[in-house]
1. Just how much of LEU278 is accessible, in Å², when a 1.4 Å probe is used and the result is rounded to the nearest 10?
2. Any idea what Rg and Dmax come out to for the range 192-275 if you just take the C-alpha atoms, in Å?
3. Using protein chains only and a probe of 1.4 angstrom, how many square angstrom of ARG415 are accessible, to the nearest 10?
4. Suppose accessible area is computed on protein heavy atoms with a 1.4 Å probe; arrange ILE216, ILE322, ILE250 from highest to lowest.
5. Among bridges DSSP assigns within the range 239-340, what percent are antiparallel (round to 5)?
6. Considering amide H positions built from the backbone, and no H for Pro or chain starts, which residues 5 or more places from VAL453, or on another chain, come under 5 Å of its amide H?
7. Between their Cα atoms, which of LYS130/LYS476; LYS130/LYS313; LYS313/LYS350; LYS248/LYS295; LYS120/LYS313 are more than 25 Å away from each other?
8. For the range 79-176, state what percent of all Cα-Cα pairs lands in each successive 10 Å bin, counting from 0 Å until the bin that includes the largest distance.
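The values are calculated or read from the model by the stated rules, or taken from the named source; none is laboratory data. From a predicted model like this one, the values you see are computed outputs, not experimental measurements. The area values use the complete protein model at the heavy-atom level, side chains included, leaving out ligands, DNA and RNA. Shrake-Rupley method; radii C 1.70, N 1.55, O 1.52, S 1.80 Å.
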Amino acid sequence: MEGSLTATRVRFAVDDDPDEDSRPSKRRRTESLQLSGKDEPPRNAAHCGHRLGVLPTGNLFLEGSSTRRNIRLEGLGKFDVLSDAVLLVVLASFDADTLLALRAASRAFFAYSSHEPLWKDLVVSRANGKLEYWEGSWRKTYIRSFGRCNDPPSEWPTDSIRTPGIYSDELYQPALCAHTSLTPYFLPHPTRPRCTIAKADAGSLAADIFSRLYAIPSRPVLISNAINDWPSFQQSPWTMDALETRFKDISFRAEAFDLPFHVYRQYSDDCDEEDSPLYLFDSRFVEKTGGDMGKEYTPFPFFGEDLFALLGKERPNYRWLIAGPSRSGSTFHKDPNGTSAWNAVLCGRKGWVMFPPDVCPPGVYTNEDESEVRASDTDKAMGVLIAMLILEWFLTYFDYAWNTYGPSAKDPELRGKMVVGVCGRGEVVYVPSGWWHLVVNLDESVAVTQNFVSENELTNVIRFMRDKPDQLSGFKGSLTPSTIYERFTRALRENAPETYAKAIDALEKTLPSVKRESVWDKVVSTSADESATIDGDAGDAGGGFSFGFEFDEGDDEDEELNDTMNL
C-alpha cells in the first residue's frame with residue numbers, strides 16, 4: 001500500500017496567465033489517497049509557485065492545457081529524449097561555466113541549468129567545508145564566492161527571466177517543498193493540537209520517578225518547567241538575534257559547512273526557496289565560545305548519571321547547539337551508540353514524530369542490522385543511500401502513518417505506536433534509546449541537546465557496543481571500534497561495579513545476539529566464512545548517508561557531516 005502513496009506527490013497548478021507572473025494564481029491538489037480527517041484543513045501549499053514559472057507535469061493533461069506551449073522539445077533539442085531525472089544527472093556532471101553557458105542557450109536550458117541542487121553541489125565541491133557568503137541562492141553564492149564578482153549587484157540581470165512552458169515534476173518538487181507549511185500536520189486546529197506524547201512537569205520528577213514512568217518502559221515524554229532557571233532561557237536568552245550579537249564571527253557547523261554565525265543568520269533570513277534549509281548543528285559550541293555557553297545551561301538530574309563521562313576525554317560527542325529556520329530539521333534516525341537524549345527548546349517550536357525501536361517508519365528502509373538507511377526500497381538493489389527530504393515524507397507518508405499507527409488505528413497491535421507532538425519554548429523532549437525520530441522546526445528555533453547513558457539504557461548501550469562495533473561513532477582519542485567495548489566495560493567495573501553487574505545480568509537474560517550480515521556483505525561475500533569477516537564494510541558502501549559520527553582523530557576540520565542527524 002505504501003507504494004501507491006507516491007501519487008500523493010503529484011500536484012497540479014493552474015496559472016491563468018503564466019507569461020504574466022511566475023506565481024500561479026489558482027491551484028488544485030489531487031491525491032490518490034485522502035487519509036486525513038474530514039475536519040482537517042487542506043495542507044497543500046497555497047502559494048508554492050516555482051520562481052521561474054515551471055509547472056508540474058500533470059498540468060499538461062488538464063482541461064484546456066492544449067493551448068499551452070511546451071517549450072521543452074524546441075528548447076532542449078536532442079537533449080529532449082532524456083527524462084528530467086537523467087537530464088539533471090547529466091547537468092550535474094558539468095562545471096559552473098558550462099551551466100552558465102547553457103542558461104544562455106534557451107529558456108528551457110535556462111530552467112534546467114538554474115536548478116538549485118546543481119549549484120548547491122557545486123558550492124559544496126568548491127567550498128572546502130567553509131561558507132563565507134550567502135547571496136540568496138546557491139547559484140549567486142557560487143558566483144560571489146568563486147567567480148569574478150566581488151561586489152554583487154542588488155538586482156541580478158537574470159532575476160526577471162521566467163520560463164513558462166516548462167512542465168517538470170523534478171524541477172517543481174523543490175518549490176512545492178519550500179512553500180508547504182508543516183504546522184498543520186501538528187496543529188490541524190488552533191485549539192486542538194495533534195499531540196500523543198506523554199507530558200510531565202519537571203517539578204514532579206525525581207530520578208526514581210522518571211526511571212519508573214518513562215525510562216524503564218521506554219516512553220517519550222514532553223517535560224515543562226525544566227529550564228526556567230537557565231541563564232540561556234532567562235538572563236541571556238539564546239535567540240538568533242542574541243547569538244549573532246555575541247558570536248557574530250565565530251564559525252559553527254551547519255551540515256556540510258563551517259560558517260560565521262552572521263552568515264548563517266543571513267542564510268536563515270533569506271532561504272525561502274530552499275526545500276531543505278541548512279541545519280546548524282555544532283558539537284563544539286562550548287569550546288568555540290570559550291566555555292561561556294556551557295555555563296548557561298545545566299543537564300537535568302532526573303535523567304541520572306551519564307556513564308559515558310567515565311571515559312573522560314575519550315567519550316563520544318554528546319552535546320550540540322541546534323539552530324535553524326522553519327522547515328529545517330533532521331530526517332528519521334536513531335541516536336548513535338544506543339544512547340538516549342534530551343532536547344530543550346530555547347526559542348521557537350519543534351515538531352516531533354517518533355516510532356518505537358521495533359517499528360520502522362513508513363518510507364524508511366534499512367538492512368537487517370540498520371547500518372544502512374534508505375529513502376525507498378528500490379534503492380536496496382542498487383546499493384545506494386538516499387535521504388528523503390522531511391517535506392517529502394510528510395507529503396507522501398504522514399497520513400498513511402497516522403492512520404496505521406496513530407491513536408485511532410484499526411489494528412490494536414499497531415495502535416498508538418506513532419508518537420507526535422510539538423515542543424515549544426521552555427520545554428524539553430526525552431527520546432528513549434533506540435527510538436526512531438524526525439524533528440523539524442516549525443518556527444525559527446534555537447535548542448540544545450545532549451545524548452547520555454544512564455543506568456536505565458546501559459544494557460542497550462553495552463549490547464550495541466558488543467554486537468555492532470562497526471556502527472559505533474564519535475569516540476575520541478585512541479579508541480577504535482574493536483577496543484571501545486572493553487574500554488567502557490573496564491571503566492564501569494572500576495568505577496560503577498554494581499551498576500555494571502546489574503546491566504550484565506539483564507543482558508545475559510536476553511536472547512543471545514545473532515551476527516547478521518548487511519545487504520552489501522551478502523552481495524560481495526564469496527563464502528559464509530568470508531562474509532563474516534567483512535561485515536564492518538557495510539557502512540562505507542553507500543557513500544554519504546548514515547546516522548552517527550566518525551571517530552575523531554584530532555582534526556576539527558573533519559567533523560562528521562551527519563552530526564545533523566543526532567537529535
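1. Estimated to the nearest 10 Å², LEU278 gives 0 Å².
2. Just the Cα atoms of the range 192-275 yield Rg and Dmax of 18.4, 48 Å.
3. We get 110 Å² for ARG415.
4. On the way: ILE216 120, ILE322 0, ILE250 45 Å².
In descending accessible area the options line up as ILE216, ILE250, ILE322.
5. Details: 8 of 8 bridges.
So the antiparallel bridges in the range 239-340 amount to around 100 percent.
6. LEU307, PHE308
7. On the way: LYS130/LYS476 23 Å; LYS130/LYS313 27 Å; LYS313/LYS350 31 Å; LYS248/LYS295 19 Å; LYS120/LYS313 36 Å.
Cα-Cα > 25 Å for LYS130/LYS313; LYS313/LYS350; LYS120/LYS313; rest within.
8. 14, 48, 32, 6, 0
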